[in-house]
Amino acid sequence: MIGAEQIQATMARYVELVDAGDIDGILALYAEDATVEDPVGQAPLQGIDAIERFYRQGLGAMKVSATRTGPVRATANGCGAMPFRVDMEWGGQPCSLHVIDVMEFDGTGRIRSMKAYWSEVNIGPRA
């Protein structure tokens, strides 16, 4: 089982990679059969190919920066959650999206599932 410290490090690394726009680095964190639900309520994406399309069409199509806004919370059974902020342009206006990602990890330390909790009410003027 993956340890809580490894969960914290991987989730912190995820935000660093989003901030850098490093899609290949982000994809390397995921298991081949992972799922992504971003935002929660959307149909989950299944598998690394679908996840790659999601990141390349979203993150790859715009300039964003990402910053953790609180510590990563990790469990002893392979799960973690963290708040962070994504600064971007939405509808042509600079804005900030406040999101909480919840991730589950497999035994090798790869992300098995990622759920992003946000909606338009979490988007506001850039801080």
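What the table below lists for this structure:
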read-out: All positions within segment 96-124 that are within 21 Å of ALA4 (Cβ to Cβ) and charged (D, E, K, R); value: ASP101, GLU104, ASP106, ARG110, ARG112, LYS115
read-out: Output for segment 106-127, where each listed residue is under 22 Å from LEU59 (Cα atoms) and modelled with pLDDT of 95 or more; value: ARG110, ILE111, ARG112, SER113, MET114, LYS115, ALA116, TYR117, TRP118, SER119, VAL121, ASN122
read-out: Near pairs, Cβ below 6 angstrom, 6+ apart or cross-chain, from segment 1-18 (open to solvent by less than 30 Å² (accessible area, probe 1.4 Å)) to any residue that is assigned to a helix (DSSP H, G or I) and not small (Gly, Ala, Ser); value: LEU17/ILE26
read-out: Segment 88-114 residues that are on the phi > 0 side of the Ramachandran plot, paired with ones that are at pLDDT 95 or above (beta carbon under 6 Å, 6 or more apart); value: GLY109/GLN6
read-out: Unique match (being open to solvent by less than 70 Å² (accessible area, probe 1.4 Å), assigned to a strand (DSSP E or B) and more than 18 Å from VAL18 (Cα to Cα)) among GLY124, GLY107; value: GLY124
read-out: Check on VAL72, surrounded by fewer than 18 Cβ atoms within 10 Å (Cβ to Cβ) and of a type in the set (A, V, I, L, M, F, W, C); value: no
read-out: Positions within segment 34-49 being of a type in the set (A, V, I, L, M) and not in a loop (DSSP other than H, G, I, E, B), in sequence order; value: ALA34, VAL36, VAL40, LEU45, ILE48
read-out: Scan of segment 28-44 for residues that are open to solvent by less than 20 Å² (accessible area, probe 1.4 Å) and either more than 16 Å from CYS79 (Cα to Cα) or in contact with a Phe, Trp or Tyr (Cβ under 8 Å, 6 or more places away or on another chain) (or both), ordered by number; value: VAL36
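The values are calculated or read from the model by the stated rules, or taken from the named source; none is laboratory data. Note that the coordinates shown come from a computational prediction; the quantities given were computed from them, not determined experimentally. When we count neighbours, we look across all protein chains shown, and the Cβ atoms used for this are built from the backbone with ideal geometry, even at glycine. These accessible areas exclude ligands, DNA and RNA; they are computed on the full protein's heavy atoms, side chains included. Shrake-Rupley method; radii C 1.70, N 1.55, O 1.52, S 1.80 Å.
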